[in-house]
């Protein structure tokens with residue numbers, strides 16, 4: 001494999017994935033490089049379902065190996081919400097900030113602030129489809145901290161760290177994050193496959 005297409009148009013996610021995939025030494029493209037690709041509706045009830053749907057579609061159009069992910073923030077006090085709806089928690093056109101503010105408002109009186117980020121990656125080729133999962137546990141702070149990262153990063157403090165994902169250097173975040181852990185599983189699979 002000398003080329004891989006990321007089934008994403010999210011600039012933040014693409015940058016993070018390119019850094020994580022650098023050890024492969026292959027050309028990494030994204031959905032942005034293929035104008036003929038349509039937006040894929042994430043309408044599956046699970047992270048796995050959405051990741052597979054996106055990767056299968058991108059592979060079917062480009063003919064290239066495709067990698068996609070779906071990520072959810074699962075908060076104990078909210079019975080696992082926002083989960084599969086994390087990106088659109090505050091509505092279809094919601095910004096990262098809208099989603100964070102809704103989360104903070106819903107957790108205003110929560111005593112238990114335990115949460116986890118979970119990423120499921122799907123890798124689709126003409127021969128197979130495989131999924132890989134990465135999880136990182138932590139807590140939701142009651143206020144935002146940090147300027148880096150994206151999404152819920154300013155309010156998520158991973159276990160074992162004093163900084164939020166938005167405060168950590170990207171090299172540290174990439175090593176310990178849900179997406180980083182899913183990528184490590186993917187890389188292990190490629191090395192043994």
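No lab work stands behind these numbers, since they all come straight from the coordinates. Nothing here was measured: the structure is a model prediction, and the numbers come from that model. Cβ sites come from the backbone with ideal geometry, for glycine too, and all protein chains shown count toward neighbours.
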(Q) Counting only Cα atoms, I'd like the Rg/Rh figure for the chain, Kirkwood definition for Rh. (A) 0.97
Q) Using Cα pairs under 8 angstrom and six or more residues apart, how large is the relative contact order of the chain, in percent? A) 18 percent
Q) Once label points are set 7 Å from the Cα along Cα→Cβ at both residue 127 and residue 108, what is their separation, rounded to one decimal in nm? A) 5.6 nm
Q) Cα centroids of region 131-193 and region 44-114: how far apart, whole angstrom? A) 14 Å
Q.
Helix 11-21 against the longest principal axis of the chain: what's the angle in degrees, Cα atoms only, rounded to the nearest 10?
A. 60 degrees
Q: Rank by packing, highest mean first: peptides 53-60, 96-103, with packing defined as the count of other Cβ atoms within 10 Å averaged across residues.
A: 53-60, 96-103
Q | Label point distance in nm, residue 150-residue 192, each placed 7 Å from Cα along Cα→Cβ | A | 3.1 nm
Q.
Run the simple label-point estimate for residue 41 and residue 185 please: 7 Å along Cα→C-beta, distance reported in nm.
A. 2.8 nm
